[in-house]
Amino acid sequence: MMQRLVLGAALLRVSSGAAAADSASLFSENCVACHQQGGVGTPGLAPPLVSETLRKAGSVQRDYVALVIIHGLSGPIKVKGQLYTSAMPPRTDFSDDDVAGLANYVARDLNGLAADQYKPLVTADVALLRKTTVDHQTLRDMRSKFGE
């Protein structure tokens, strides 16, 4: 029995590590062109994903980043004192697993949220989020509650 528990825990660690690697690759392949390596952003084009705003969002409303990935975001937002008015299109090409992985990557890997600060999204969470209708103004209003 104990061997099964140890093996199960080891497999979970390996699969979690693989999921994190897949999310990092997905980020590199799809997000780096605008948000840059490490999520530092591109002045005047794409805001940084490493920010106090997204750190707070991850710990207060963990689905915010996933909603932005699913529905896109346009209109003015302010990050670290800089105004961004570009648009991110909805990423309908991403699977629910991809969206969960990317949102978790932004929260944990880019913004350093620990396990006690952020409950990772799973595929079923994203499936439910896809059924919501959220416009860009609502997403910007939601974002303003977390900071700039």
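What follows draws every value from the coordinates through simple rules; no lab data is involved. It should be emphasised that the depicted structure is a prediction, and the values quoted were computed from it without experimental measurement. Because the Cβ atoms are built from the backbone with ideal geometry, glycine has one as well, and the counts that use them run over all protein chains shown.
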Return the tail of the calculated pair distribution for the chain, meaning the percent of Cα-Cα pairs more than 25 Å apart. 26 percent
Report, in debye and to the nearest 20, how large the dipole of the chain comes out about its Cα centre when Lys and Arg carry +1 and Asp and Glu carry -1 on their Cβ. 360 debye
Once you place label points 7 Å from the Cα toward the Cβ at Leu83 and Leu45, how far apart are they in nm? 2.1 nm
Which length gain, in nm to one decimal place, applies between Thr123 and Cys34 when the Cα-Cα distance is subtracted from 0.36 nm times their residue separation? 29.5 nm
